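The values are calculated or read from the model by the stated rules, or taken from the named source; none is laboratory data. These figures come from a predicted structure and were not determined experimentally. Cβ placement follows ideal geometry from the backbone for every residue including glycine, while neighbour counts extend to all protein chains displayed. In case anyone asks, the SASA skips ligands and DNA or RNA and just uses the protein heavy atoms, side chains included. Shrake-Rupley method; radii C 1.70, N 1.55, O 1.52, S 1.80 Å.
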Amino acid sequence: MIRVEEMSDIDSVKTKPNLEVTIGPLELSNPVIAASGTFGYGLEFSDQVDLCRLGGLVVKGLSLEPRPGNPQPRLAETTAGLLNSIGLQNVGVRAFLEEKLPELADYDCCVLANIFGESPEEYMRVAEMLDGAEGLSGLEVNVSCPNVKEGGAQFGTDPQKTREVVAGVRKATRMPVIVKLSPNVSDIRPIARAAEEAGADALSVSNTFLGMAIDVETRRPRLSTVTGGLSGPAIKPLALRLVWETVNAVNIPVIGVGGIVSAEDALEYIIAGAHAIQIGTANFMDPLACINIVDELETYLLEHGIQDISELRGTLAEK
Amino acid sequence: MQGEIYNILRIVKRILPEMKATVVYNKVLSQGYFRMRLQCPEVSSEARPGTFLTLRVSELREPLLRRPFTIYTYDADSGWLDIVYKVVGVGTWLMSEVGEGEKLDILGPLGNGFTIPGNESKILLAAGGTGVAALYSLAQSILAQRHGVEITLLTGGAGSQDIICVDDFEEMGVQVLVATEDGSMGEMGLLTDLLGDQLEGSLETDDVELFSAGPKEMLKKVARLAEAYSIPCTVSLEGRMGCGIGACLGCVIRVFPDPLDAVIPPMTVYRRICRDGPVFDAAEIDWDSI
């Protein structure tokens, strides 16, 4: 693999646009982050992807104890989308700290741990255990998994409960705290403000949208849990609207998540006001999706004579 | 100036490792069944029996996900590998339209593959439909390592159009027995009936080793038969995959917990077909969950 950094004999190095972004206390080499649940513990992708080239990666949601996840079927492909009901299968926070994180530390990459719990106390406990772990850059608090009763969505759909969970995590850790909000709400703004007031450093907007699909031959639902979370290009306009609304409602950075498969998609979020973006389902279409988007963003900036990606942020023109 | 830099960057980026396979041929085997040969030395040089690859069948966003295919056979020296597939949906329909010389985005080889049996047992292969594709390179490898070993392939499907690749096995000297549900080829009935008869008729089942691939419901019956006759059974599973590399946890299969990690109450354990498999010891799988 040839990296841009290695092309020292090419003039472009001097004029290489700046892709670095700052999200509260976090400094990322570029705004492209691999989204939780689509990138395993990072290591699964290390054969295909130079993890050091990612702006960051968010590992699969972690709970205090390991969780087995939901029965099959867990996936259903829909038009330009993917329904899933994995059910937060994960190795648990201890195994993550002992087995996964030390291996990840070999890569110079911003690693964020997505966490969830069945109670505000469990969120705090997980946050405490991860606090200051070597090789970990911050936490993403999941108050929005739609696929299990205890997946946090009962917290993320209520401003008061969101405040309680985030305040608890804030107390439990000195690390940067990002809160991943649910799209399955009538108005995301009060919940975003509650997270901000409780001490969140940034918000990820958003998670999968509740959906379902039916096999008309058997008349059975295509997922074992009947409903699941929809991701992929199908949800991009929906999530983009939520990001734009959230950006206008809070003063902390927002990370745009939902259906991004190309630099053009990523740019829409950045123009709407996102500081960074996360790539999820596109990693399944192409393991190099994140890296390709980093390269394409750089090309876009070069083509448009923009020196720093931050110049684009929140530049949505009046119609 | 900027345009120039852009062009330089664009050329450099083309070198990035997006692996492509060139289609050598894509031919009809039977109604709805195809065999595709792909030229891709990077994958064929690493392939082993039972491993698979994924293809992105459309550059557009429909279908969204890559499609997994077991590697039917491969030649590392010449750099090609073959897959066998049945048209079952949009993805495989698009595949069937791909012509010679076209390039496909490929990822592989993936998965664990078969362990080639080293003892002197007779080999039984039991394949349902395109499951036969997972067993051909296994038979090739066994014959290459153990000249003259007795291998029998039992293959079944709804009708004669579903019985594919039989000639390839026969040319190698593998004995082939066929079952079709409509009786249009071989015995009338299910593959598992045929397997049951074989095991019943065989006086010495203690030196038989069974390998099977096909739909999970069929494998469940095969595994039950193997258990009843106490013969070792290895299965290659098919799964609905999201990523194909073990990250998304979409294609998991329920297995019995490792007795060494026993927790009380016993925790449900799922393993990833794409990364921990697709080849599993049948005794490891919790078939009741299917």
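Taking the criterion of being part of a helix (DSSP H, G or I) and of a type in the set (Val, Ile, Thr), the residues of the stretch A:297-312 that qualify are A:Thr299, A:Ile309.
When you scan the stretch A:287-307, do you find a residue that is out of contact with any Cys (no Cβ under 7 Å at 6 or more places or on another chain), away from chain B (no Cβ under 12 Å) and open to solvent by 20 Å² or more (accessible area, probe 1.4 Å), even just one? Checked against the condition, which is being out of contact with any Cys (no Cβ under 7 Å at 6 or more places or on another chain), away from chain B (no Cβ under 12 Å) and open to solvent by 20 Å² or more (accessible area, probe 1.4 Å), the stretch A:287-307 yields no hits at all. For the subset of the stretch A:308-319 comprising residues that are charged (D, E, K, R) and under 26 Å from A:Leu57 (Cβ atoms), which member is farthest from the other protein chains (Cβ to nearest Cβ)? Only one residue tops the list, namely A:Arg313. When the stretch B:77-92 is limited to residues that are closer than 15 Å to B:Thr22 by Cα and open to solvent by 20 Å² or more (accessible area, probe 1.4 Å), the one that is nearest to the other protein chains (Cβ to nearest Cβ) turns out to be B:Trp80. Kindly evaluate B:Arg48 against the criterion of being basic (Lys, Arg) and within 12 Å of another protein chain (Cβ to nearest Cβ). The answer is no for B:Arg48. Of the listed requirements (1) open to solvent by 10 Å² or more (accessible area, probe 1.4 Å); (2) not in a loop (DSSP other than H, G, I, E, B), A:Thr315 misses just one: (2).
In the set (1) surrounded by fewer than 19 Cβ atoms within 10 Å (Cβ to Cβ); (2) away from every other protein chain (no Cβ under 14 Å); (3) in contact (Cβ under 8 Å) with a residue 12 or more places away in the chain; (4) not in a helix (DSSP H, G or I), B:Pro257 fails one condition alone, (2). Residues that are open to solvent by 10 Å² or more (accessible area, probe 1.4 Å) and β-branched (Val, Ile, Thr) within the stretch A:180-219 comprise A:Val185, A:Thr208, A:Ile214, A:Val216, A:Thr218, listed in sequence order. Going by the conditions given, is A:Asn70 within 10 Å of another protein chain (Cβ to nearest Cβ), of a type outside the set (Gly, Ala, Ser), under 18 Å from the mean Cα position of the chain (by Cα) and more than 22 Å from B:Gly108 (Cα to Cα)? For A:Asn70, the condition - within 10 Å of another protein chain (Cβ to nearest Cβ), of a type outside the set (Gly, Ala, Ser), under 18 Å from the mean Cα position of the chain (by Cα) and more than 22 Å from B:Gly108 (Cα to Cα) - is not met. For the stretch B:51-65, a residue qualifies if it is within 13 Å of chain A (Cβ to nearest Cβ) and hydroxyl-bearing (Ser, Thr, Tyr), and the qualifying residues are B:Thr54, B:Ser58.
Scanning the stretch A:203-237 for residues that are over 18 Å from A:Cys145 (Cα atoms) and in contact with a strand residue (DSSP E or B) (Cβ under 9 Å, 6 or more places away or on another chain) yields A:Ala213, A:Ile214, A:Asp215, A:Arg220, A:Pro221, A:Arg222, A:Pro233, A:Ala234. Only residues that are of a type in the set (Asp, Glu) and in contact with an Asp or Glu (Cβ under 8 Å, 6 or more places away or on another chain) were counted across the stretch A:265-295, and they come to 1.
I'd like to check something: does the stretch B:270-287 contain any residue that is within 12 Å of another protein chain (Cβ to nearest Cβ), at pLDDT 95 or above, surrounded by fewer than 20 Cβ atoms within 10 Å (Cβ to Cβ) and assigned to a strand (DSSP E or B)? Checked the stretch B:270-287: at least one residue is within 12 Å of another protein chain (Cβ to nearest Cβ), at pLDDT 95 or above, surrounded by fewer than 20 Cβ atoms within 10 Å (Cβ to Cβ) and assigned to a strand (DSSP E or B).
Candidates in the stretch A:248-261 are the residues that are open to solvent by 20 Å² or more (accessible area, probe 1.4 Å) and out of contact with any helix residue (DSSP H, G or I) (no Cβ under 6 Å at 6 or more places or on another chain); of these, the one that is farthest from A:Thr22 (Cα to Cα) is A:Asn248. Regarding A:Thr173, is this residue within 30 Å of A:Thr78 (Cβ to Cβ) and of a type in the set (Val, Ile, Thr)? Answer is no for this residue. Kindly indicate whether any position in the stretch A:273-283 is away from chain B (no Cβ under 11 Å), open to solvent by less than 10 Å² (accessible area, probe 1.4 Å), over 13 Å from the mean Cα position of the chain (by Cα) and under 20 Å from A:Glu311 (Cβ atoms). Yes, there is a match, as at least one residue in the stretch A:273-283 is away from chain B (no Cβ under 11 Å), open to solvent by less than 10 Å² (accessible area, probe 1.4 Å), over 13 Å from the mean Cα position of the chain (by Cα) and under 20 Å from A:Glu311 (Cβ atoms). Among the residues examined, A:Glu245 qualifies as in contact with a strand residue (DSSP E or B) (Cβ under 9 Å, 6 or more places away or on another chain), without any contact (Cβ under 8 Å) to a residue 60 or more places away in the chain and surrounded by fewer than 21 Cβ atoms within 10 Å (Cβ to Cβ). Within the stretch B:218-242, residues that are within 14 Å of chain A (Cβ to nearest Cβ) have Cβ atoms under 6 Å from residues that are assigned to a loop (DSSP other than H, G, I, E, B) and open to solvent by 10 Å² or more (accessible area, probe 1.4 Å) in these pairs: B:Lys220/B:Ile290, counting only partners at least 6 apart in sequence or on another chain.
Cβ-Cβ distances below 7 Å connect the following pairs, each with a first residue in the stretch A:27-51 that is within 11 Å of another protein chain (Cβ to nearest Cβ), a second residue that is surrounded by fewer than 18 Cβ atoms within 10 Å (Cβ to Cβ) and of a type in the set (Asp, Glu), and a separation of six or more residues or different chains: A:Leu43/A:Glu103.
Here B:Thr180 does not qualify as under 30 Å from A:Arg74 (Cα atoms) and polar (S, T, N, Q). Output the residue which, of all residues in the stretch B:43-68 that are free of Cβ contacts under 8 Å to residues at least 40 places away in the same chain and outside any loop (DSSP other than H, G, I, E, B), is nearest to A:Ser262 (Cα to Cα). Within the stretch B:43-68, the match that is nearest to A:Ser262 (Cα to Cα) is B:Arg67. Once the stretch A:161-183 is narrowed to residues that are part of a loop (DSSP other than H, G, I, E, B) and touching a residue at least 40 places away in the same chain (Cβ under 8 Å), the residue that is nearest to A:Gly24 (Cα to Cα) is A:Pro176.
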